[in-house]
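See structure below.
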Amino acid sequence: MDITDYVYSLLRERDIVLLNAYPGFGKSRIAVTIASKWINEDGQVLIITRSRAEALQLCEFTKQVGIRDKTSIFLGRESLCPFNAHNSKQCFLYRLSGRCRVSKTEVPLPILTCNLPELLSDGLCPYEVNEALAYQLPIVISTHAYLSSPELYSRLINIIDNWNKPLAIIDEFHNVAAGLEESISISIDELRQWALNGNDLANKLFNKIKNYVPQRETVVLRKFDVDDLLKGSETFDDRVIEMLTHFGNDLCAFTYDGKSIRLRCLSIKPIYDLITKSQKVLLLTASISRRFSYIIDVFSKPSYYIAIDSLPKEYQENLVVFSVIDVEFTHRNRLLKEYLDIVNKSIKVFIRSSPPAGGLAVFFPSIEYMNSYINYYTPPVWGIPTFILRDGSEAVRVIEPFKESARVTKSLIITYAQNPIGEGINFLEQELIGVMIIGFPLPQYSQWSFLKSHYYKRLGISGFATTYLFPAVSTTTQIIGRLLRDLDRHRKVAVLLDSRFYRYRKYMPKWLSLRMRPMGISQFLNASLW
């Protein structure tokens, strides 16, 4: 029995199945194949994945199992409109001006919903077609973002409520396992205007931050009531109202860094409700090792955990993970010259010992630390093509040129841990042959993280492990997972430059922890890594 048949047989017996397998194992293809089996037994399937790009990729996979004409992509207007229309009014104006040439209102069935250019050339609106068919077809593909918006989430739930045999598949589950976290910044001028309009919540916030300059971001307001929120809220940003009404019953707090107010919210309720309303649930991840499987205990339905703990033999032989065990980069020491020099020497060794062609990536735990290093060694010269990714919005502009360069010569990209390269981007052949992570990527301690830790404790799960260890291990797993494509044909190396990687290896998936080779910094600086 192959893994897909095995998982499907478990879904017949269990309400929730969580499959943890290494990046590149084929979990998304498993999701589509199981969806095909489920609808053949008169069921309906909602597949939720991380991003628009992954949703479109899943839709492409449906062609291979013959269910493409039974699939709708349930995404926002902006995601599917080729002109990025934000709302129906803007869409209407594009059509009046002739920019958008959509002319048909009737949809002939069957139709291939995920071929957006083809729909448009046939005079159909990709957004309207998929929106309409989401209520008619048995398979709906959406993204995690739909769980965070009250309006979009209610539309998803309406679809499921009309199904008689719903199966929910959440791909990349590690991104939402600990809850949905959203934030929005509010300028002081906006806050002042809201207070002048008579809003009690804005007045409370404004009074708290007057003449107050925090050393770092701090929580200034945690408790509020609906009356304070609604009175004089006519000029409020709609997103603020959405967040407070959608997440307010769980955990919301206003933080202040001396420049702007930020509203932060965290909730596990949308995931909980989705799982509760579904007859069966399949959760797919690469980052929830067995020690973190307790996270799904917050859902009342009984669950079953499956782990693919071993890489194929040909992968094992070509992946080496060096873990430096006598250096630790903390918030207190990492900007000291001694530690910056260790980083610089380590990057030089990493570059020098690598093959003459292939991509290398260096990850810092934060944008601030990365910028500090780059500024300290300005201009940083390593003698090879170098790309610096400081912002996720630059990913498309930076990643493709880096890949092209890496195919023909040794090339370097420097970035930070929580960015698009770390997860979801596939690097083929020699486009990425080595990664270095500088410092264990723990979230920075703050009053907000303290509140999150207490929130998880109230749910009956570990506060420290869920708030700090889980995201750090998940980030590490995903980054090293970028090396697993075409690993049977190329030797690839990961360097973990911090003693905590090895100390917390028991929390990592076995395929990763078993590949770790501990060594001291002096040994590493003289090593031949490849």
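Before moving on, here are some points about what is shown:
- Count of residues meeting criterion [more than 21 Å from Phe464 (Cα to Cα), among the hydroxyl-bearing types (Ser, Thr, Tyr) and not in a helix (DSSP H, G or I)] in segment 259-284: 2
- Number of residues in segment 247-266 that are among the small types (Gly, Ala, Ser) and modelled with pLDDT of 90 or more equals 1.
- Only one of the listed residues (Ile342, Ile296) is among the aliphatic types (A, V, I, L, M), in a helix (DSSP H, G or I), in contact (Cβ under 8 Å) with a residue 24 or more places away in the chain and within 21 Å of Lys506 (Cβ to Cβ). That residue is Ile296.
- Residue tally, condition in a helix (DSSP H, G or I) and under 30 Å from Arg458 (Cβ atoms), over segment 167-205: 10
- Hits in segment 181-201 (condition: among the hydrophobic types (A, V, I, L, M, F, W, C) and in contact with a strand residue (DSSP E or B) (Cβ under 9 Å, 6 or more places away or on another chain)): Ile184, Ile186, Ile188, Leu191, Trp194, Leu201
- Whichever residue in segment 1-40 is out of contact with any strand residue (DSSP E or B) (no Cβ under 7 Å at 6 or more places or on another chain) and within 13 Å of Ala307 (Cα to Cα) and, among such residues, is most open to solvent (accessible area, probe 1.4 Å): Tyr6
- Residue list for segment 506-518, restricted to those being touching a strand residue (DSSP E or B) at 6+ places or on another chain (Cβ under 6 Å) and surrounded by 17 or more Cβ atoms within 10 Å (Cβ to Cβ): Arg515, Met516
- Taking (1) free of Cβ contacts under 8 Å to residues at least 40 places away in the same chain; (2) buried (at least 18 other Cβ atoms within 10 Å of the Cβ) in turn, Leu360 satisfies each apart from (1).
- Within the option set Ile374, Ile421, being modelled with pLDDT of 85 or more, assigned to a helix (DSSP H, G or I) and not basic (Lys, Arg) holds for one residue only, Ile374.
- Residue in segment 329-339 that is crowded, with 19+ Cβ neighbours inside 10 Å and in contact with an Asp or Glu (Cβ under 8 Å, 6 or more places away or on another chain) present: yes
- Among the conditions (1) of a type outside the set (D, E, K, R); (2) under 23 Å from the mean Cα position of the chain (by Cα); (3) closer than 23 Å to Leu180 by Cβ; (4) open to solvent by 10 Å² or more (accessible area, probe 1.4 Å), the only one that Val473 does not satisfy is (4).
- Residues in segment 137-153 that are at pLDDT 85 or above and either acidic (Asp, Glu) or more than 21 Å from Asn175 (Cβ to Cβ) (or both) were compared, and the one that is surrounded by the fewest Cβ atoms within 10 Å (Cβ to Cβ) is Pro138.
- All positions within segment 345-354 that are open to solvent by 40 Å² or more (accessible area, probe 1.4 Å) and touching a residue at least 24 places away in the same chain (Cβ under 8 Å): Lys345, Lys348
- Tyr305 vs. criteria within 25 Å of the chain's Cα centre (by Cα) and in a helix (DSSP H, G or I): no
- Selection of segment 435-454 for residues being touching a Gly at 6+ places or on another chain (Cβ under 7 Å) and open to solvent by less than 10 Å² (accessible area, probe 1.4 Å) yields an empty set.
- Sole exception among (1) at pLDDT below 85; (2) under 30 Å from Thr466 (Cα atoms); (3) open to solvent by 10 Å² or more (accessible area, probe 1.4 Å); (4) not small (Gly, Ala, Ser) for Asp238, by number: (2)
The values are calculated or read from the model by the stated rules, or taken from the named source; none is laboratory data. Here the structure is a predicted model, which means the values were calculated and not measured. Positions of Cβ are backbone-derived with ideal geometry, glycine not excepted, and every protein chain shown enters the neighbour counts. Protein only, heavy atoms only, side chains kept; ligands, DNA and RNA dropped before computing areas. Shrake-Rupley method; radii C 1.70, N 1.55, O 1.52, S 1.80 Å.
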